[in-house]
Structure formats: structure tokens, C-alpha cells
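Following: one structure in C-alpha cells, then a few remarks.
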Amino acid sequence: MWKAVLLGLALAGGAHAQDVVVDSVTLNDTGGPQPAGFLPLKVGGKVRHDPQGYSYQWPGVYFETQVSGPGVTLIFNDTANNFNVLVDGRIVMILKKPGFGGTTVSLPQGGTHTVRVEKRSETQYATGQFLGFIAPLAQGTPPAPLSRQIEFIGDSLTVGYGNTSPYSDCTAEDIFETTDAQQGFGPIIAKQFKADYQVNAFSGLGMVRNYGGFEHPKYHMPMLYPRALFDEATPAPRDGWAPQVIVIGIGGNDFSTPVAAGEPWKDQAALQADYEKTYIQFVKDVRKANPKAFLILTSPEERGGYTEGTTAVYNALKAGGETKIARLTIPPTVSDGCNGHPNTRDDANIAKMFIAWFESHPEVWQGK
């Protein structure tokens, strides 16, 4: 049976108790039919479409519906992730590891309301599933796809790794709890320009060499990028995804430590050459899949092989005839989030730089 149970939960984001009420819903897992009333929805980010719902691993995934009625229930099968829940653009709660079940949000009276679920956390070896929105006493419509689309490819800098932490010395649990991909620079930029977005990023990952030369030994970005789920080679469905802009920034982990004995590269110069060669081919593959997109290659300033390699890749692509491409350097960061990563102030400052650039180059949204 499906039953609703009062959760007694204080809401975040300044929600008023008379406006939004949150309950929990506990589901049976007997394999029986789901109840009627699932609403049409919009999906953002790379997911795998399942008969029961949507499976995900990449950060920054989101789900959205528009509903008129007394409330809506969010149904999950996920013991691994944290989520923002928003009503009409306002965060009403942070939902942590919802498990197999759901959460019911009672909506303000009158009108149609937009309900949005945003994945905050990064999970590299766990898969979650969103089954959908239920509103048996309401009618719903999916929000229309936005005319602008933007994609971000990167590592922990793009993930928003530990960006809400008040301190830098973090445990693994601290990192998980304080990571909010939605406060990363990518979603900030996308929301500023009313664009749908994908965050295709993985902490510790490099183009050819991962953090320290040993992290995630079976993964590299060129392998994972096309996939919906990391351990499944099936490409993610495009489903109308044709971004006008793709921002790529990856290489910090490739050059995180000197090359050590036993690694595939005999020295730093060999690593540099492999990084640049692989990066060039990766961009060409991204271009093949996105023939109309404007590409932006980024790096921090003065990061050795990462910075120099990104510039070399940009120059090689330009020399090879690529025209819809730019090379941008992100501004300096305080980096007092977890383990020396950017905090939310840094993310906002990086986003500010990009926003100013986009405002002075509006043609990139027009395929020019």
C-alpha cells in the first residue's frame, strides 16, 4: 500500500508554513503497480530512461513539472543523494537520501506552480532513481524546454566539490554534505541566461591522468562523457539536446602531481604531449556531436601543464580551422572550500566573469 506519514520538517529558504507543507510518503517495494497520477515532467542533465523512471549519476541533474492543485509528491528510489526541492523558484527544503519513497509538498492555493527537484550531491559509484511527480488530485504539464542550452564539462571545479563548507579540512562525509552542484558556476550561468543545462563533471578525473595518477583507475573523461551512467557504455539519449554553448575545463588532475615510476608516461613532457593530443581529439569528438555549438576552453591561470596545455589545444584547433571557439581564463579563487576547492563565493565570481563575457558576445546563443 501507499501511505502518507507526517514528517514534521522545518523548511529552508524562508518558506511559510501556511504556504508549503511537507509530508513523507513511504512506498511498498513488492513490485506492484504504481498509483495513477504521475505527472508529465521535464528532465535536465544526463539520465538513463527506465520503465519506472530516470536513473542518474552525473551531478546537476534536475526534474521539473507544473501543477495546479493542492500538492505534489516526489517519488524516489535513492539512498545516496541530496536534493534541493523548489516551488516557484524558492527552495522549500533540502531532501537528504530519500530512499525508496517520496515527499509530499502541499502547494499554495490557486494558480499553477512550478515544482523542481535538483540533485545537489556528487555520487561516483552509486546510482539513484527518480520515479516522478504524483498528484492524483491535480493536473500537470511539463515546463517547455528553454530556447537556450548550455553544457559544462569538467572535474571537481565544475562539480561544486565541497563548495558550501565553512572549512577546508573535510572528511569524505563533509565533502558529500557540503557539495552543491546547483551553486556551482555552471548552473548559476545557465539560470542567469534562462538556459537548460548539463553538468558533465567528475571530481578527481582528468583527460588522460586522474588525481595523483591513481584515482578512479578505470575512468577518464573521454570514456565517460558520452554515457548516461558511468559503468554502462550505452550513449546517453540526446532527446532534443543541442546546446548552443559547451564550456570545457579539465586538466587540473592530469598535472596534480609529478609523474611517478610505473605510470604510462616516462616523464612530464610525455604526459603533456598525451594530454594535448587526447584533448584535441576529445574536442573534435564533442564538435562532431554538436556541430553548431560554440566551444569555450577554460583553465585557471598559472597552473602549469593544465594552463599551457589548454592554450596549446586551443591554438591547434584554431590552426586546424575551428572558428566557433574561445579560450577563457577563470579568475583567481580563495579556495577555502573542502580540501582547497573553490567555495560558493568563488563559484559566484567565476560565474560573474562568464556572464560578462556572454553579455558581450550574445551571438553565441544564436549559433554564430
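No lab work stands behind these numbers, since they all come straight from the coordinates. The structure displayed is predicted, hence computed values, not measured ones. In this analysis, Cβ positions are derived from the backbone assuming ideal geometry, glycine residues included, and neighbour counts consider all displayed protein chains.
Values as computed for the structure displayed
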{"quantity": "Nonlocal amide H pairs with Arg120, under 5 Å, H built at 1.01 Å", "calculated": "Asn82, Phe83, Asn84"}
{"quantity": "Interchain or long-range residues, amide H under 5 Å from Ile325's placed H", "calculated": "Leu295"}
{"quantity": "Total formal charge among the other residues, if their Cβ is under 13 angstrom from that of Val67, Lys/Arg +1 and Asp/Glu -1", "calculated": "0"}
{"quantity": "Region 85-118 and region 239-261: distance between their alpha carbon centers, rounded to Å", "calculated": "33"}
{"quantity": "Extension gain (nm, one decimal) between Glu232 and Lys194, 0.36 nm per residue minus Cα-Cα", "calculated": "10.5 nm"}
{"quantity": "Using alpha-carbon coordinates, inclination of helix 305-319 to the longest axis of the chain, degrees", "calculated": "80"}
{"quantity": "Percent of Cα-Cα distances greater than 26 Å, calculated over the chain", "calculated": "52"}
{"quantity": "Neighbour-count order for Thr311, Thr333, fewest beta carbons within 10 angstrom listed first", "calculated": "Thr311, Thr333"}
{"quantity": "Proximal aspartates and glutamates to Lys288, defined as alpha-carbon separation beneath 19 angstrom and excluding residues fewer than eight positions away on the same chain", "calculated": "Glu151, Asp239, Glu276, Glu322"}
{"quantity": "Bridge type composition, the chain - antiparallel percent by DSSP, nearest 5", "calculated": "70"}
{"quantity": "Added length on full extension, which subtracts the Cα-Cα distance from 0.36 nm per residue, Ala273 to Ala172", "calculated": "33.0 nm"}
{"quantity": "Of Pro235, Gly309, Ser335, farthest towards positive along the dipole that unit charges on Lys, Arg, Asp, Glu beta carbons give region 235-368", "calculated": "Pro235"}
{"quantity": "Charge-dipole axis of the chain as Lys and Arg at +1 and Asp and Glu at -1 on Cβ define it, positive-most pick from Tyr211, Tyr275, Leu39", "calculated": "Leu39"}
{"quantity": "Listed residue pairs exceeding 30 Å between alpha carbons, taken from Lys119/Lys277; Lys46/Lys96; Lys218/Lys284; Lys42/Lys277; Lys97/Lys292", "calculated": "Lys119/Lys277; Lys42/Lys277; Lys97/Lys292"}
{"quantity": "Spread of Cα-to-Cα distances over 10 Å intervals beginning at zero, given as percent, for region 148-366", "calculated": "8, 34, 39, 17, 2"}
{"quantity": "Folded to 0 to 90 degrees: helix 268-289 orientation relative to the chain principal axis, Cα", "calculated": "50"}
{"quantity": "J(HN,Hα) series, region 321-329, from Karplus relation 6.51 cos²θ - 1.76 cosθ + 1.60, nearest Hz, glycine and proline x", "calculated": "x, 5, 10, 9, 8, 9, 10, 10, 10"}
{"quantity": "Rounded Å value of the spacing that divides the Cα centres of region 134-204 and region 36-84", "calculated": "14"}
{"quantity": "Additional length obtainable on full extension of the chain from Trp357 to Asp88, 0.36 nm per residue less Cα span", "calculated": "94.0 nm"}
{"quantity": "Prolate/oblate/rounded call for region 123-183, Cα gyration tensor, a/c under 1.5 rounded", "calculated": "prolate"}
{"quantity": "Hz values of 3J(HN,Hα) by residue in region 98-115 - Karplus curve (6.51, -1.76, 1.60), Gly and Pro given as x", "calculated": "x, x, 9, x, x, 9, 9, 10, 7, 9, x, 5, x, x, 9, 10, 8, 10"}
{"quantity": "Value of [θ]222 nm, deg cm²/dmol, for the chain, DSSP H segments ≥ 4, -39500 (n - 2.57) each, nearest 500", "calculated": "-6500 deg cm²/dmol"}
{"quantity": "Cα-based helix-to-principal-axis angle, 344-360 vs the chain, degrees rounded to 10", "calculated": "70"}
